[in-house]
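What follows is calculated from the coordinates using simple rules that are stated; it is not laboratory data. All values derive from a computational prediction rather than experimental measurement. Using ideal geometry, Cβ is built from the backbone for each residue, glycine included, and neighbour counts are taken over all protein chains shown.
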């Protein structure tokens with residue numbers, strides 16, 4: 001094998017390695033979150049483990065559970081985990097803090113949620129159970 005051919009093979013291998021390394025983060029950024037789309041729409045009740053009053057939410061899709069503390073804010077999301085029964089999303093809301101939410105599906109009508117972050121310059125952390133109770137209306 002000539003020196004030029006060997007260099008070309010080494011360059012191709014290096015390029016393949018670089019493409020693999022740079023492609024991995026792009027995959028992690030993919031919107032995905034199919035598990036949240038499987039949750040039944042309707043009226044859901046959130047019960048917080050810290051004893052806070054239960055909260056009801058008319059859920060159109062499960063993605064609304066990702067930003068419970070930054071609801072209505074336009075935030076940039078990064079998908080950390082996207083599996084069949086669990087998702088974890090980290091998000092940043094420019095000028096309004098950030099958060100990280102993990103949602104574990106027990107069924108299409110019952111999930112466990114944990115969240116933490118900063119909202120209005122104050123830290124927050126919560127654990128909650130969300131259960132579909134009926135249709136909205």
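In Å, the Kirkwood hydrodynamic radius of region 32-134 over pairs of distinct alpha carbons?
Evaluated over region 32-134, this radius sits at 13.6 Å.
So if each residue of separation counts as 0.36 nm, and I subtract the Cα-Cα distance between residue 73 and residue 127, what length gain in nm does that give?
17.3 nm
Assuming R0 = 30 Å, can you tell me the calculated FRET efficiency for the pair residue 107 and residue 53, based on Cβ-Cβ distance, to the nearest 0.05?
So the FRET efficiency works out to roughly 0.80.
Using per-residue counts of other Cβ atoms within 10 Å, averaged over each peptide, order 75-82, 39-46 from highest down.
39-46, 75-82
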